[in-house]
Amino acid sequence: MNNSKIRNSFIFLFLFCILVFLSASCSKKEVKPVSEDSKIAQEAFRLAEVLKDAYIRNDRSTIEKNSAKDGYREIIEARKNFDSAELTFTPRWVEIEGSTVNLHVAWNGTWIVKGQRTEDRGLAVFVMEGNPLKVVKVLRENPFKQPE
């Protein structure tokens, strides 16, 4: 019986030490400030999502509000008619050079036109400028030109 008490005490002491160690290691969280580049990249991601949702809903006013004059014209002129669409954007890379932000986005899309389903995918580069950011142009495979 004495061995049992010693073993239980040892187990209790061991678990107590682990608990103290874990609580001490978890209590010292260092909060790092968010960098300016990180904030700009997050804003670029949000803008791409806003434009994608506005494109799907054919919400020209939201597209216009979030685009520079040339960017708006490029998106609207590229847009083809569709009955419904689904687009997913996956940000791949962000380049920030001065006041210009290039957001590289891999996209997958499905469009339905007169009952016919079209699927496509590609890589687009959204060129953004200003504060707040606005799309100036879309390079490479523009997801807003679909379906073709």
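Odds and ends about this structure:
- Total residues in the stretch 117-130, condition of a type outside the set (A, V, I, L, M) and buried (at least 18 other Cβ atoms within 10 Å of the Cβ): 1
- Note on the stretch 59-78: residues that are part of a helix (DSSP H, G or I) and farther than 14 Å from Lys137 by Cβ amount to 5.
- From the options Asn142, Asn131, Asn108, residue that is in contact (Cβ under 8 Å) with a residue 40 or more places away in the chain, polar (S, T, N, Q) and over 14 Å from Phe45 (Cα atoms): Asn142
- Where Val50 falls short, out of the listed (1) at pLDDT 95 or above; (2) under 18 Å from Gln146 (Cβ atoms); (3) in a helix (DSSP H, G or I): (2)
- Residue list for the stretch 81-116, filter: of a type in the set (Ser, Thr, Tyr) and surrounded by 13 or more Cβ atoms within 10 Å (Cβ to Cβ): Thr88, Thr100, Thr110
- Among residues of the stretch 131-144 being touching a helix residue (DSSP H, G or I) at 6+ places or on another chain (Cβ under 9 Å) and in a strand (DSSP E or B), the one that is surrounded by the most Cβ atoms within 10 Å (Cβ to Cβ) is Val135.
- Taken over the stretch 79-90, residues that are more than 17 Å from Ile112 (Cα to Cα) and either touching a Ser or Thr at 6+ places or on another chain (Cβ under 6 Å) or in a helix (DSSP H, G or I) (or both) amount to 0.
The values are calculated or read from the model by the stated rules, or taken from the named source; none is laboratory data. Everything quoted here is computed from the prediction, not taken from an experiment. Positions of Cβ are backbone-derived with ideal geometry, glycine not excepted, and every protein chain shown enters the neighbour counts.
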